[in-house]
Amino acid sequence: MASKPNVARVFSCFATGTEVIDTVIEVAIAPGIPTFSVIGLCDSSIREAQGRLISAFKSTGFNMPKGHITIGISPAYMRKTGTGFDLPMALGILFASGQLYLPKDAKIYAEGELALNGEVKATPGSCIRLKSVQRNLELDYKLIPQNESSSAGVVGFKGQAVSSLSELTDIFDGNNYKEASFDFETERSQDDFIDISALKGQEKTKRALLISAAGFHNIMLLGSPGSGKTMCGKILAGILPRLSPNELADVYSMNELVEGESSVIKDERPVRLVGPAVTVGKLLGNAVSITPGELALANHGILFADELPLYKSEVLDFLRGPLEERKVHLMKKGNLYSFDSNFIFLGTGNPCKCGLLYESGSKCRCTESEKLRYLSKISGPFMERIDIVSEMRSVKGEDLASIYIDKDNGESLEYRKNVERCWQIAHERYGADHLNGTFPESDIRDSMRVTQTALRFASELSEKGFFSARGFTRILRVARTIADINGKEDVTADEISEAAQFRMRGI
Amino acid sequence: MILDNAESRFEDMFYSAVMLNTEVTYKTLCDLKDNMAIKDYRDLHDRELLKAIAKGEFKLRNDTVLRIKKLLETFGNLENIVEKYIQIAQANNIGVVSVLDKFYPYNWRALSGMPQVFYCRGDYSLIDSMTLKGSVAVVGSRSPSKYAQYATDQICKELGEKAVTIVSGMAYGIDRQAHLSSVNTKGGTIAILAGGVDNIYPPKNKDIYDLISRNGLIISEMPPGQQPLRQYFPSRNRLIAGLTDCTVVMEAGTVSGTLHTASFAANQGKEVFVLPNNIYYENAKGGLKLLEDGGNVLLGAENVIDSVARSVMYKRLALGCPAELNYYDDKEDFEGQNDIDAIRVLAKVKPEVISDDQWKLLIQDALSLKSLCVDELCVITMLPFYKVSKLLTELELNGTVCQEKGKYSLTFV
């Protein structure tokens, strides 16, 4: 009769996309001819752990035990990948073979890849995993690689960081586990954005940017080359409030998935710049490795689509979904993975082929049909999702000189205070995660407090062809934001008429 | 606007007397001016200068010198004639305007061969409002069909309501109808006569002559007392075409003075509109022929308004800001403009007391010059964007302004 195998159990987890699956790693060592098998739909990156384990054990003074070693990773029906299971597997083997003392009934969480010299290294996606672990599991010991500590700090994870396998002796045999929260260093933003006062003589665009920031409204700027459209991306980032700790975690976890631990932690909102050459794939992300694309990376920030009328129509059509839903979905082997993509869409473009349509004096050289064709590439349904449209013109010489002389950020900071106030009002109205532009569509009129006269006025405008019936609710949202900026309780006809000026009009 | 006393215009009237009673022609005058003999036509009343010219002290053409000699012979006689003019002018309240005056009609100034001196009776401020708001010549047959008469009535009224001034020749038929329909509108009416201003021709039109001299303006290039001779009519038609921004031909036979007016207008680069008519109606064939030659079909007042709006816009651009246009010493006469001025001044000093409607007037005033974008309107009115945008939406809603190519313009100037 064969003897009962020694079984040790360690908790870990893995992430696909933003979805975190808690896993249990069980190590059983039974006497017999030495074998090593890992079961539970693991790919070769996990099965190769044998080599790393043997070498790491030897380097740090442990031994690979003799006998049948079976490692089961559950849930066993899910495909798993990644080297983050190295440390929990090592721990399991050391506990099962008695090389380390396993405290009775202790729940142990571990993650990390092992180097051949026993060093513990970070693996991508740590932010997402640690956030979920901290939120969902009750554990006694939590061990993470030393260089995941900034991720841990961002998401508020508490545990102990280890840099080498040799430290485990001290923790378990020396009973020296210290749970602590982690500090992380934010790269303090220097406020090096362009001040909004640079938009001299472009009152409409200034106002448009303020409304867009205050309500998270998608915005489109049309203007001639050199009118400062591209600059507006940086200006808009400057008047948005800093990331809150929760948002910071969201943003960092996306960056961390793409760039790994080296990505810098900033409390500035991301500005993702995409150009006309962008593909659906780049926006969407990689469906094989489940890494986020531009849309997910722009979460809580700005997606800046330069020269929008030059985009391929398939890209524009694709964008409609994420703009409405504020989520991106990736499909891999029948599983759906979702990333949040709650951003301000800032589109820019020329109003016509030569770009000079709005300039004073008839400088535009386009024929009538060219004019009509140029912007009609951006379809009606797409424009329905753009709340604010503003026209821009090139600034005259004397104004240009003054732009570069005053390097004062005062005006943008004023605007930001205003925006912060509006966000507060909106959060009280809809709850913490929503603003006027992003609140999901469903009976929004009551909470918006639109007066009866204002509603009548809006429908009168709608009848006169100022905007379509579908644009109606967008107008109300923009008007609500304007009322917030003006510090008004109710939306009146005044706000509606201002909002109407920001709708897309015919050429 | 009160014109100078006729007495102080002796030199201007002397010029008229010279042109009418001697062999001195416009060509002679040009020769004198080109060779620096005289500065302007007023020097014709300088007897010493004329003597010097007659002696041959200037290098001039022979016939010019000859004509000046003849002028000198009749000099005293001419002065007597002018005295007579002055008597009639004073009795009939007739004013004298010359090309040297600031308030000479803008449209005439832009053309060559227009009268150096002309006479008028009535409300002279019409000339200025006409420059700013546009004018249309309405001409046609003396014995029009009911249809043409009806169309004249409708279109003149509609144009008059849009502050467009109607100019015609006070003849029977279409002319009479045009004056009658427009005399009490915002635009007002101007009659240009072939004879002197005091000379009611045709005499049966005395009723409208009285009406126009009270509520409109009567103009003539002929000095007071002059009979309307047959040969003066084509010149009069040329003045009608020259004074206005476009010409509307209501009905014209194949031989008609109306056709003269139309061809003068076309030669001056102005648009000609022709009321389409029945091809079997003999009295409309001249007009239809104009259509065949490329005249614009008159489908309604809107066509004319568009054309007028265009030329008014160019005029205003050439004249600069509307405020500078207001060159009267006597501001009371131009109430509308004066109002805007007051608001504009008030807006700079005490913007908080300006009502929304007054702001709208200011915006409309700014847009009447040329179309502007919102940002420019913000600068002009010195209002924040939210305020301007609110006003613009309301103006758009009631159809006063429209947006095109990212700019706002008045639906009609």
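The values are calculated or read from the model by the stated rules, or taken from the named source; none is laboratory data. For clarity, every value in this text was computed on a predicted model and none was experimentally measured. Every residue, glycine as well, gets a Cβ built from its backbone with ideal geometry; the counts of neighbours run over all protein chains shown. Remember, those area values only see protein heavy atoms, side chains included, never the ligands or the DNA or RNA. Shrake-Rupley method; radii C 1.70, N 1.55, O 1.52, S 1.80 Å.
Descriptive notes on the structure:
- 18 Å Cα-Cα reach of residue B:350 towards aspartates and glutamates, excluding residues that sit fewer than 8 places from it in its own chain: B:339, B:341
- Model label points for residue B:143 and residue A:377, set 7 angstrom from Cα along the Cα-to-Cβ axis, are 6.7 nm apart.
- Qualifying trypsin sites (Lys or Arg not before Pro) in the range A:103-211, DSSP loop, other Cβ atoms within 10 Å at most 15: A:104, A:107, A:178, A:188
- For chain A, the relative contact order comes to 13 percent (Cα pairs under 8 Å, sequence separation of at least 6).
- Crossing angle, helix B:232-243 versus chain B [Cα axis fit, 0-90 degrees, rounded to tens]: 30 degrees
- Protein heavy-atom accessible surface, 1.4 Å probe, per residue over the range B:96-313: 37 Å².
- Base-10 log of normalised Debye intensity for the range A:441-507 (one unit scatterer per alpha-carbon) at q = 0.17, 0.28 Å⁻¹: -0.52, -1.34
- Taking every C-alpha pair closer than 8 Å and separated by at least 6 residues, the mean separation divided by the residue count of chain B gives a relative contact order of 12 percent.
- Take the Cβ atoms of residue A:489 and residue B:397, set R0 to 41 Å, and the FRET efficiency comes out at 0.95.
- Using a Förster distance of 51 Å, the FRET efficiency for residue A:33-residue A:452 (Cβ separation, nearest 0.05): 0.05
- Taking a ≥ b ≥ c as the square roots of the eigenvalues of the Cα gyration tensor, the range B:334-410 is prolate, since a/c reaches 1.5 or more and a/b is larger than b/c.
- Counting every C-alpha pair in the protein assembly as shown, the share spaced more than 51 angstrom apart comes to 46%.
- Working ranking of peptides A:60-66, B:258-264 by packing, defined as the average number of other Cβ atoms within 10 Å per residue, highest first, is B:258-264, A:60-66.
- For the range A:6-181, averaging the sequence separation of C-alpha pairs within contact (under 8 Å, six or more residues apart) and dividing by the residue count gives a relative contact order of 22 percent.
- Prolate/oblate/rounded label for the range A:233-378 (Cα gyration tensor, a/c 1.5): oblate
- Note on residue A:230 and residue B:35: the model spin-label points, each 7 Å out from Cα along the C-beta direction, lie 6.8 nm apart.
- Listed residues B:186, B:157, B:59, most fluctuating in chain B (Gaussian network, C-alpha, under 10 Å): B:59
- Tensor-based shape of the range B:96-313 (alpha-carbon gyration tensor, a/c under 1.5 rounded, otherwise prolate or oblate): rounded
- Unit charges at the beta carbon, dipole of the range A:90-210: most positive-side option, A:193, A:125, A:171: A:193
- Amide N of the range A:91-130 lying under 12 Å from the label point, which is placed 7 angstrom from the Cα of residue A:176 along Cα→Cβ: none
- 22 Å Cα-Cα reach of residue B:315 towards lysines, excluding residues that sit fewer than 8 places from it in its own chain: A:363, B:102, B:133, B:162, B:186, B:270, B:331, B:370, B:407
- Expected 222 nm ellipticity per residue - DSSP helices of 4 or more, -39500 (n - 2.57), all of chain B, to 500: -15500 deg cm²/dmol
- In this simple spin-label approximation, residue B:51 and residue B:306 carry label points 7 Å from Cα along the Cα→Cβ vector, and these lie 6.4 nm apart.
- Nearby lysines by direct alpha-carbon distance to residue A:158 (threshold 16 angstrom, same-chain neighbours under 8 apart not counted): A:107, A:131, A:142, A:178
- The mean accessible area for residues of the range A:196-419, using a 1.4 Å probe and ignoring ligands and nucleic acids, is 39 Å² per residue.
- Of the beta bridges in the protein assembly as shown, as assigned by DSSP with both residues counted there, near 45 percent are antiparallel.
- Taking the helices alone, chain A has a mean residue ellipticity at 222 nm of -11000 deg cm²/dmol, built from -39,500 (n - 2.57) per DSSP H run of at least 4 residues and averaged over all its residues.
- Highest mean first, the peptides B:356-367, A:231-242 sorted by other C-beta atoms within 10 Å per residue fall in the order A:231-242, B:356-367.
- Label reach from residue A:21 (point 7 Å along Cα→C-beta): in the range A:86-116, no amide nitrogen lies under 13 Å.
- For the range A:270-281, 3J(HN,Hα) computed residue by residue from phi via the Karplus equation (6.51, -1.76, 1.60; θ = phi - 60°) reads x, 10, 9, 9, 10, x, x, 7, 5, 10, 4, x Hz, glycine and proline entered as x.
- Semi-axis lengths, largest first, of the ellipsoid equivalent to the range A:6-181 are 23, 19, 15 Å, with √(5λ) applied to each eigenvalue of the Cα gyration tensor.
- In terms of distances greater than 25 angstrom between alpha carbons, the cross-link table entries A:200/B:390; A:204/A:488; A:200/A:312; A:488/B:405 yield A:200/A:312; A:488/B:405.
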